[in-house]
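Notes follow once the structure below has been shown.
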Amino acid sequence: MTHQDIETRAAPLLSARGVSKTFGSTKALVDANLDLRPGEITGLLGANGAGKSTLSRIISGHIAPSGGTLTLGGAPFAISSTRDAFHHGIALVAQETSLAPDMSVLENIFLPDLARPGRLSFARLRDRALEILSSLGHEHALPLNAEVRSLSAAQRQLVEIAKALALDARLVIFDEPTASLSPTEVDSLFDIMARLRDDGRALAFVSHRLEEVFAITDRVTILREGTTVAQDLPTADLNQGDIIRHMVGKDIGAIYDARRAGHALSDAPVFEVRNLKAEPWVRDISFSVRGGEILGLGGLVGAGRSEAAEAIFGLRARQGGEIFVNGAPVNPRRPAEAIRLGLGLVAEDRRAQNIVPDLSVRENLMLAQMGLHRGFGRGFGAVKARMDRLIEQLGLPANRLDTSLLNYSGGMQQKIIIARWLLVDPRILILDEPTKGVDIGTRSSIYKLLQEVADAGVAVIVISSDFEELLGVCERIVVVSDGFTIADLPKSLLSEEKLTLLAAPRTSTERNTAVLRDLSHSFGGQAFWTLIDGDELICLACVTHTGGPETGLAAGQAIRAEDTAIPAALATRSDAFTADGAVTTLLTQLRDKRGHDLGWIGLSVPGNAPPCVKDVTARVAHLSRPEKET
Amino acid sequence: MATRDTTSPGLVSRVLNSLEFRMLGLALLLAVALSLLSPYFLTQRNLFNIMDQSVVIGIVAVGMTFVILTGGIDLSVGAVFGLTGIALALLLRDFPIAVAIPLAVAMGGVVGLFSGVLIAVFGLAPFVVTLGVMAIGRSLSFILSGQRSLSGLPADLQNIVYSSFLGIPANVLFLIALYALAWAYLTYTKGGRTIYAVGSNVEAARAAGLSTTFYSILPYVVSGALSAVAVTFSLAQIMSADPLAGNQLELDAIAAVVIGGASLYGGRGTIIGTLMGVLIMVMIRNGLNLMGVSPFWQGSAIGSIIILALLAERLINWRSTRR
């Protein structure tokens, strides 16, 4: 231990080796390995469905593993309940908090204590709660007598953390803790996490927000499809691209047939949505789709895509925005109205939103038709011929139409739900996660079906968090993040890595856009925020002052450096204004406090009299988080 | 995820496995047992009695089936029965029979509409809403009647019970027609299937464009109106209206529907099952009477049967989900 080079890291507090977990026939975890060491924050990363949450729930005793070993402090340990986990000093601060909303803050902090026999001294608990909160630096942030129901998301999280500390947890797992926090709340959470780490606790940070991973973690472990593909990589040695390559890391298979060439798109959009707003999930979403086109709506779970689809379909109240069908403004307030306008929606949750379990397969198939039918009867006769044709086309077993839909496989169920909509001849068909829980064979037949539907002139919108699927099926992809449309790009310009980058929620988006607005307004030019990867640029935000120069960058668009109006500036990226013809440009790199690349802020102004560099950099400087550590 | 796609069962085995068939078996078994226990049970006179006693509860149970299929419950049927009975007796003083009966039935429907709107539009719990309506209804029937039975009804009213066709009394004929109609409606119409869909998965039904609100309200209207129809037959037999009439009728109706295999969570159950449930209930009561069992014990018998029926449903569900 005397040599500096020798590994001075503590031995792992918790080690998971070869952990697997199967739900029914689904493998959530295959071979997961994880080490959590005292005094370290380990980032646990992976795409949607990679098994991050499953692994954290296994470690915290919520679910039992199917295989593999767990050791705690070097000794093998098995936990069968959350109470065991508490007993071992393991706590999970989950996304959906596990608090009792009708009880007070104090009662919630000591909830596990309530299960102990004997009498409780509330006065003593109160003293301990204050002690814990002040150790977090938040002694005044929480009224101990308030009902948890009345607290904000950030306050609830603080209660969760205090609850973990009340148990003197040695190991705390934070599962997507920042999902519902504002940027300042995130900063304060990170301060707390740093304190806990410096106390010598082992922390795990589960997230897919890469910026935050760089801001707070010491090491990262990456899961892909239930298997650990990279373990304990020092965060300081990584960049976003490295992490994404680990998270994605495979090629698109042959399940996607290239779409037949020569399919015709309608000239005008069949369907258009402008500035859709449905709080709290959908803040500003716009897109349009032409007849015959397959449009992807990509983003992470919780980005607001499903909610946008539901708002369009009248399943959710809209606070703003316009919807156009064939150019005419429409305002569907109930699904029945949306269906009459020619819309169809295969909702995300098959069991909860699509299947009527007590009706037969035939009736489930006919459900939308029955809603559309204006007569007294079921209206089955009118579509009999079409139904027979569909049954044959989809390979549905015609002799089993009177049994329960629940006896069918996920793939067959999904085909039947899609067929439900095809029966009513929609002009716009929205499919939310159409291949969730569908086996690979049926997946490719669903993709083929979607192409046939689009070939018939229907505007198809596919919502998916599986970027591989979007790239395989769609011609154009609109990326949604944190309730905003971020980008609208043709498939040819996109890769899975760029999509992941675009879809990653950026807590800083609003703050950065405000600075861009300020820059363009003050200096009368165009201000932009872009990621630069070689000579490829992906512009994340862009604000142009009236009469400002055109650089060729547009928010949400990818472009090559040589195709912009400012190739020289992009090539040099010096800390002075660089001229490109009549435009001069200054680029400033954004870094978090650990020096990681968050992209570049650029300002292009017309003419050869650029403003003072310092004036510009001063306004950008406070975007990089202020140093709090020494 | 991937469940085994089993082969299609034949028609015969489907019928044999159906709930209604099992209920029919139970009803026949019960009839055989009762006929062994009491020599009077199988007499023609007693069988007519059983059918006659089935009419009131049978009519109310149809409305209750509609409500329970949507996943709701209607505790107010007994009170609506009493209230519309008093109202009908009062109406018959001023209006001819052909006007008074439709008015009373409409009144029952309006009470159901009130409950239905509170439940489907304002999202209140069916149990609580209909409990409130039950209290109000009973209170109003005491106020309207002046706390006493109303007699002196027109003699012609008896015709709706004591006329007969092919030897079958009119009220029994009406019951048979009502069940046939309700069965056809629930099986073959958009409205009927929507009622099932509402109870089975209201979110999916709404997303498919079905009018879920309308068909959540309709069953309460049907239930209220049918309570009024039931009291009409009751008045015609007794020829007097009692403000306390139909007390605990809701329990009998719910019991019949549940014994008939309907799920209180909605979406599952049939009108034929309800008919079986009604017959089983009435036969048990009739049999216990014939054997001279104290009426105070009959409550225990009926209660046990309800619990056994629910237990059986749960066990069958467990078996089918475990597979």
* **Checking A:Gly321 against (1) more than 11 Å from every other protein chain (Cβ to nearest Cβ); (2) touching a Pro at 6+ places or on another chain (Cβ under 8 Å); (3) surrounded by 14 or more Cβ atoms within 10 Å (Cβ to Cβ); (4) not hydrophobic (A, V, I, L, M, F, W, C), the condition it does not meet** => (2)
* Scan region A:364-402 residue by residue and report those that are at the interface with chain B (Cβ under 7 Å from one of its Cβ atoms), in contact (Cβ under 8 Å) with a residue 24 or more places away in the chain and part of a loop (DSSP other than H, G, I, E, B). => none
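Just checking: which of the strands (runs of 3 or more DSSP E) contained wholly in region A:9-82 hold 1 or more residues that are more than 29 Å from A:Ile244 (Cβ to Cβ) and of a type in the set (S, T, N, Q)? First the steps, then the outcome.
Values: elements: A:14-23, A:26-36, A:40-45, A:67-72.
Output list reads A:67-72.
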* Might you let me know whether region A:428-451 holds any residue that is of a type in the set (Phe, Trp, Tyr) and touching a Phe, Trp or Tyr at 6+ places or on another chain (Cβ under 8 Å)? => yes
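Only helices (runs of 4 or more DSSP H) wholly contained in region B:11-103 count here; list those with 2 or more residues that are touching a residue at least 12 places away in the same chain (Cβ under 8 Å).
Details: elements: B:11-17, B:19-37, B:44-69, B:77-94.
Where helices (runs of 4 or more DSSP H) fall fully within region B:11-103 and carry at least 2 residues being touching a residue at least 12 places away in the same chain (Cβ under 8 Å), they are B:19-37, B:44-69, B:77-94.
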* To do: For region A:501-521, indicate whether the set of residues that are of a type in the set (D, E, K, R) and buried (at least 22 other Cβ atoms within 10 Å of the Cβ) is non-empty.
  => yes
* To do: At least 2 residues that are touching a strand residue (DSSP E or B) at 6+ places or on another chain (Cβ under 8 Å) in each: list the helices (runs of 4 or more DSSP H) lying fully within region A:100-208 that qualify.
  => A:153-166, A:183-198
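Mind listing whichever residues of region A:354-363 are at the interface with chain B (Cβ under 7 Å from one of its Cβ atoms) and either part of a loop (DSSP other than H, G, I, E, B) or in contact with a Ser or Thr (Cβ under 8 Å, 6 or more places away or on another chain) (or both)? If you could, list the steps in order and put the result at the bottom.
Within region A:354-363, the first condition is being at the interface with chain B (Cβ under 7 Å from one of its Cβ atoms), and the residues that meet it are A:354-359, A:363.
Passing the criteria: A:Ile355, A:Val356, A:Pro357, A:Asp358, A:Leu359.
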* Name every residue in region A:340-352 that is under 16 Å from A:Met412 (Cα atoms) and out of contact with any strand residue (DSSP E or B) (no Cβ under 8 Å at 6 or more places or on another chain), in order of residue number. => A:Asp349, A:Arg350, A:Arg351
* All positions within region A:403-456 that are away from chain B (no Cβ under 13 Å), over 22 Å from A:Arg362 (Cα atoms) and surrounded by fewer than 20 Cβ atoms within 10 Å (Cβ to Cβ) -> A:Arg427, A:Ser444, A:Lys448, A:Gln451, A:Glu452, A:Asp455, A:Ala456
* Test: A:Val361 is touching a strand residue (DSSP E or B) at 6+ places or on another chain (Cβ under 8 Å) and modelled with pLDDT of 80 or more -> yes
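Residue check: is A:Thr564 of a type in the set (Val, Ile, Thr), crowded, with 17+ Cβ neighbours inside 10 Å, touching a Phe, Trp or Tyr at 6+ places or on another chain (Cβ under 8 Å) and farther than 18 Å from A:Gln240 by Cβ?
Working: of a type in the set (Val, Ile, Thr): yes; crowded, with 17+ Cβ neighbours inside 10 Å: yes; touching a Phe, Trp or Tyr at 6+ places or on another chain (Cβ under 8 Å): no; farther than 18 Å from A:Gln240 by Cβ: yes.
Criteria not met by A:Thr564.
For (1) at pLDDT 80 or above; (2) touching a helix residue (DSSP H, G or I) at 6+ places or on another chain (Cβ under 6 Å); (3) aromatic (Phe, Trp, Tyr), each residue gets a yes or a no:
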residue: A:Ser508; (1), (2), (3): no, no, no
residue: A:Trp529; (1), (2), (3): yes, yes, yes
residue: A:Ala541; (1), (2), (3): yes, yes, no
residue: A:His545; (1), (2), (3): yes, yes, no
residue: A:Ala571; (1), (2), (3): yes, no, no
* Condition met for B:Ser76 (at pLDDT 95 or above and polar (S, T, N, Q)) -> yes
* **Qualifying position, being within 14 Å of chain A (Cβ to nearest Cβ), within 17 Å of the chain's Cα centre (by Cα) and either touching a residue at least 60 places away in the same chain (Cβ under 8 Å) or on the phi > 0 side of the Ramachandran plot (or both), among B:Tyr196, B:Tyr179, B:Tyr215, B:Tyr185** => B:Tyr196
* Asked: Only one of (1) crowded, with 21+ Cβ neighbours inside 10 Å; (2) touching a residue at least 60 places away in the same chain (Cβ under 8 Å) is not met by A:Leu142, so which one is it?
  -> (2)
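Specify the residue that is farthest from the other protein chains (Cβ to nearest Cβ); the eligible residues are those in region A:331-349 that are within 11 Å of B:Gly209 (Cα to Cα) and among the aliphatic types (A, V, I, L, M).
Keep residues of region A:331-349 that are within 11 Å of B:Gly209 (Cα to Cα), which gives A:334-340, A:343-345.
Okay, now just the ones that are also among the aliphatic types (A, V, I, L, M), so A:336, A:338-339, A:343, A:345.
On the way: A:Ala336: 4, A:Ala338: 8, A:Ile339: 4, A:Leu343: 10, A:Leu345: 6 Å.
Looking at the filtered set, the residue picked out is A:Leu343.
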* How many residues are surrounded by fewer than 24 Cβ atoms within 10 Å (Cβ to Cβ) and within 15 Å of the chain's Cα centre (by Cα) if we restrict to region A:469-482? -> 2
* Determine whether region B:142-158 contains at least one residue that is over 21 Å from B:Met239 (Cα atoms) and either surrounded by fewer than 18 Cβ atoms within 10 Å (Cβ to Cβ) or more than 22 Å from the chain's Cα centre (by Cα) (or both). => no
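Tally the residues that are out of contact with any helix residue (DSSP H, G or I) (no Cβ under 6 Å at 6 or more places or on another chain) and of a type outside the set (A, V, I, L, M, F, W, C), restricting the search to region B:197-219.
3
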* Asked: Among the listed residues B:Gly261, B:Gly246, B:Gly266, B:Gly277, which satisfies the condition of being within 14 Å of chain A (Cβ to nearest Cβ), within 27 Å of B:Phe127 (Cβ to Cβ), surrounded by 22 or more Cβ atoms within 10 Å (Cβ to Cβ) and at pLDDT 90 or above?
  -> B:Gly266
* Mind listing just one residue for me: the one in region A:290-316 that is within 14 Å of another protein chain (Cβ to nearest Cβ) and part of a loop (DSSP other than H, G, I, E, B) and, of those, surrounded by the fewest Cβ atoms within 10 Å (Cβ to Cβ)? => A:Arg316
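The values are calculated or read from the model by the stated rules, or taken from the named source; none is laboratory data. What you see is a predicted model, and the numbers here were worked out from it, not measured in a lab. When we count neighbours, we look across all protein chains shown, and the Cβ atoms used for this are built from the backbone with ideal geometry, even at glycine.
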